[in-house]
Amino acid sequence: MAKVIAIDGPSGSGKSSVSRIVGGRLGFLHVDSGALYRIVTWRCLEEKVDTSDPAAVAAFAAGVGIELRPENGRVEYYVGGEKPGERIRTPEINAHASAVATVKEVRDRITAILRSMAAFGDLVVEGRDITTAVFPDSPARFYLTASPEARAERRRREQVEKGISDQSAEAVKASLLARDRVDSTRRHAPLRKADGAVEIDSSDMTLDEVVDAVMNALPPGWRK
Ligand code: DC
């Protein structure tokens, strides 16, 4: 059976960088589950589906075709034969993704897609409900956190580096806290620390230190 490392946490907690590095070290495929919610959100916005209407989102999302391809150490997503790339990382998608992620039918479909990836091999899966709902039985479950200030600053730097947006630090923080609120108070699979998950507060830790903390907490025999 495939081994799955499950990592949850709010935006900017360092999940993506940590998951990518841990996956690279172990030869586990990196899976960004948030990108699937972003793809559904992107398609909704392109097709003018009202993201505040759960029934409309559920009906539309059922028809969004997403192809999975394990490539370069990660599971890549293709829509209509193309990778969405940075088109799913805009402030507009940030603003609508939480609403789309509250829709039960969308969550059920994405959960099934994520579970199907175990057929590709060992995985590091990052998201909001991976430790609680998607792979709750994994023996390697982590909850990453950091202060809102540290998280907002990381996100802002990331956006500037990618040339995506020149939002102020305050605007980035406000958008991130608004998303956290929706993600952690929604009815279906809200973001929360799972019982038994290892919690790591990365506010004052370097990326290397967080990676080491994850590696050191893996079950015996998983580390290389
Ligand atoms: O991690 P991210 O910012 O790319 O996530 C985009 C949105 O999807 C965010 O609002 C949280 C939501 N999400 C979720 O509900 N469950 C997941 N497993 C991953 C992301």
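The values are calculated or read from the model by the stated rules, or taken from the named source; none is laboratory data. A quick note: this is a predicted structure, and the numbers were derived from the prediction, not measured. Cβ sites come from the backbone with ideal geometry, for glycine too, and all protein chains shown count toward neighbours. The protein model used for the area step is the full one, side chains on, heavy atoms only, and it has no ligands, DNA or RNA in it. Shrake-Rupley method; radii C 1.70, N 1.55, O 1.52, S 1.80 Å.
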Between the modelled labels at E92 and K48 (7 Å from Cα along Cα→Cβ) the distance in nm is 1.3
Applying the gyration tensor rule to the Cα atoms of region 128-224 (axes a ≥ b ≥ c; rounded if a/c under 1.5, else prolate if a/b exceeds b/c, else oblate), the class is oblate
Heads up, region 56-211 by the C-alpha gyration tensor (a ≥ b ≥ c square roots of eigenvalues; a/c under 1.5 rounded, else a/b over b/c prolate, else oblate) looks rounded
Amide H proximity to T145 below 5 Å, modelled H, separation 5+ or other chain, gives I200, D201, S202
With -39,500 (n - 2.57) per DSSP H segment of 4 or more residues and division by the full residue count of the chain, the 222 nm estimate, nearest 500 deg cm²/dmol, is -14000 deg cm²/dmol
Checking rank on 107-113, 203-209, 49-55, with mean other Cβ inside 10 Å and highest first, the result is 107-113, 49-55, 203-209
Cα-Cα pairs in region 115-155 separated by more than 15 Å, as a whole percent of all pairs, come to 53
In nm, the gap between the two label points placed 7 Å beyond Cα toward Cβ at T185 and Y78 is 4.2
Gyration tensor on Cα atoms of region 1-46, a ≥ b ≥ c root eigenvalues, a/c under 1.5 rounded, else prolate if a/b beats b/c, else oblate, says prolate
Counting only backbone N atoms under 19 Å from a point 7 Å out along Cα-to-Cβ of A2, the residues of region 60-85 in range are 66-79
Here Rg/Rh (Cα, Kirkwood) for region 1-94 equals 1.00
Region 140-198: relative contact order from alpha carbon pairs under 8 Å, six or more residues apart, as a whole percent, is 45
For the pair E158 and L207, the simple spin-label estimate (label points 7 Å beyond Cα toward Cβ) gives in nm 1.1
P91 neighbourhood, Cβ < 14 Å, K/R = +1, D/E = -1, net charge +3
Quick calc, S17 & E105: beta-carbon distance into FRET formula, R0 41 Å, rounding 0.05, result 0.85
With DSSP loop assignment and no more than 13 other C-beta atoms within 10 Å, the chymotrypsin sites (Phe, Trp or Tyr not before Pro) in region 77-133 are none
Those trypsin sites (Lys or Arg not before Pro) from region 156-211 that are DSSP loop and have at most 11 other Cβ neighbours within 10 Å turn out to be R187
Taking a label point 7 Å from the Cα of S116 along Cα-to-Cβ, the residues of region 7-41 whose backbone nitrogen sits under 19 Å from it are 29-41
DSSP beta bridges in the chain: the antiparallel percent, rounded to 5, is 25
Quick tally, 1.4 Å probe accessible area for I66, I21, sorted with the most first, runs I21, I66
